1. Where residues in the stretch 205-224 are closer than 20 Å to residue 277 by Cα and of a type in the set (A, V, I, L, M), which of them is nearest to the chain's Cα centre (by Cα)?
2. Checking residue 205 against (1) in a loop (DSSP other than H, G, I, E, B); (2) touching a Ser or Thr at 6+ places or on another chain (Cβ under 9 Å); (3) under 27 Å from residue 90 (Cα atoms); (4) not small (Gly, Ala, Ser), which single condition isn't satisfied?
3. Name, by its number, the condition in (1) surrounded by 15 or more Cβ atoms within 10 Å (Cβ to Cβ); (2) touching a helix residue (DSSP H, G or I) at 6+ places or on another chain (Cβ under 7 Å) that does not hold for residue 227.
4. Going through the stretch 131-153 one residue at a time, which ones are surrounded by fewer than 24 Cβ atoms within 10 Å (Cβ to Cβ), in contact with a Leu (Cβ under 9 Å, 6 or more places away or on another chain) and either among the basic types (Lys, Arg) or in contact (Cβ under 8 Å) with a residue 40 or more places away in the chain (or both)?
5. Please specify each residue of the stretch 33-84 satisfying the condition of being of a type in the set (Gly, Ala, Ser), closer than 14 Å to residue 113 by Cα and within 18 Å of the chain's Cα centre (by Cα).
6. Show me the helices (runs of 4 or more DSSP H) found entirely inside the stretch 111-183 where at least 1 residues are of a type in the set (Phe, Trp, Tyr).
7. Restricting the stretch 81-101 to residues that are in a loop (DSSP other than H, G, I, E, B) and among the basic types (Lys, Arg), which is surrounded by the most Cβ atoms within 10 Å (Cβ to Cβ)?
Amino acid sequence: MSTLSRLSVVLLTAAVAQAAADFDSRVEHGYADSAGVKIHYAVIGRGPLIVMIHGFPDFWYTWRNQMEELSKNYRVAAMDLRGYNLSDKPRGVENYDMRLLVGDVLAVIHHLGQQKAIVVGHDWGGAIAWTVAMNAPDAVDRLIILNLPHPRGLLRELANNPQQQQNSQYARNFQQEDAASKLTAEAIAGWVTDAAAKPKYIEAFRRSDFEAMLNYYKRNYPRPPYDLPEGWTAKVKARVLMIHGLNDKALLPGALNGTWDWLEKDLTLVTVPGAGHFVQQDASDLVTRTMKMWLQATP
C-alpha cells in the first residue's frame, strides 16, 4: 500500500470514529419502569415517536445508523431488551414471557409521554413488535419488521418445511439447560463486522446476562412437534413494512409467503439479496432509505 493510500485509510478511519463519537454525544439515555423492571433506552431527535427493538445477540446500538438519519424528523428511541446491556435482568425463565416483553415496549412508549408509536423490530425485537401490534393495536402507528416473519408464517414453515426445521436447530440448542455456559461476549459478538463498533458490543454483552438472553428461546420459541394452532384471528391493524435479507440462514424467506393474510392494511415487502440476518447493518444505507421513504409515503 502506498503512503497516500495509508493516509487515506487513516483519515477515513478517523472520520468514521469522529462521526460515531458525535452521534454518541447527542444520544440521551433513560429508563422506563415496566412493572418494576427497568428498561434502558437511548433516544435522539424530535418529532413523532419511533421505538426500535433489537434481537439476539444485540443491543440498542444496532440501530445507530437508522437513528442518525431518522432523528432529523422523528424522536427515535432504541431499547435494550430486558436481560441485555443496561436494562434489568430478572431471574427466571417466566420473566421472559412474551406478555412481559410486550409490556416493556408499552412502558417505553408511555414513559416517553405517548400513547402510540411507530414500532420497529428485528429478530426477537420483530417477534415482540408483531405481538405488540396484534395485542395492543392502539399503541402501534405503523409497523416495521426486519428479518422476522409473521409468527404464523414461521410456525407454518417449522411444521412443513424440513429445511427450516433443520436451520432452526440453533434455537433448540439454545433451549437446552446448559446452553448459556457455552456463550462468551467475544463469541456472540463474532457477527459484528464494524471494527469501531465491535468493542462496544463486547462491553455490552459483558454487562448482559446470557441466561436471560436464552430465556427468550426457552419461553417463547416453538418446540417440536411443530403444530399450527387452529385459527388465527388477531390480524395486524397497522400498515406494515417488512425488510428481509435473503442470505438469512436462520429465518428462511419462505415464511414470508402469505403474510398479507394476517394483515388488515397494506404490506410493503422489500427483500435484499446479499444481506444476511442483520440486514440493518449489512445493508444499512438501503434499510435507512427504505424506512425513511416508506414513512414519508404512509402518513
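Please treat every number below as a calculation from the coordinates, not as lab data. Here the structure is a predicted model, which means the values were calculated and not measured. In this analysis, Cβ positions are derived from the backbone assuming ideal geometry, glycine residues included, and neighbour counts consider all displayed protein chains.
1. Ranking the candidates gives 213 first.
2. (1)
3. The single condition residue 227 does not satisfy is (1).
4. Result: 141, 142, 152, 153.
5. Taking the stretch 33-84 first, the residues of a type in the set (Gly, Ala, Ser) are 34-36, 42, 45, 47, 55, 71, 77-78, 83.
Pick out the ones that are also closer than 14 Å to residue 113 by Cα and you get 47, 77.
Hit for the stretch 33-84 is 77, nothing else.
6. Numbers: elements: 124-135, 151-160, 162-167, 169-174.
By residue number, 124-135, 169-174.
7. Step one: list which residues in the stretch 81-101 are in a loop (DSSP other than H, G, I, E, B), which gives 81-92, 97.
Next cut, among the basic types (Lys, Arg) only: 82, 89, 91.
Details: 82: 24, 89: 20, 91: 10.
Once the filter is applied, the top-ranked residue is 82.
Residue-wise test of (1) closer than 20 Å to residue 29 by Cα; (2) out of contact with any helix residue (DSSP H, G or I) (no Cβ under 8 Å at 6 or more places or on another chain); (3) of a type in the set (A, V, I, L, M, F, W, C).
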position: 85; (1), (2), (3): yes, no, no
position: 106; (1), (2), (3): yes, no, yes
position: 127; (1), (2), (3): no, no, yes
position: 142; (1), (2), (3): no, no, no
position: 148; (1), (2), (3): no, no, yes
position: 157; (1), (2), (3): no, no, no
position: 170; (1), (2), (3): no, yes, no
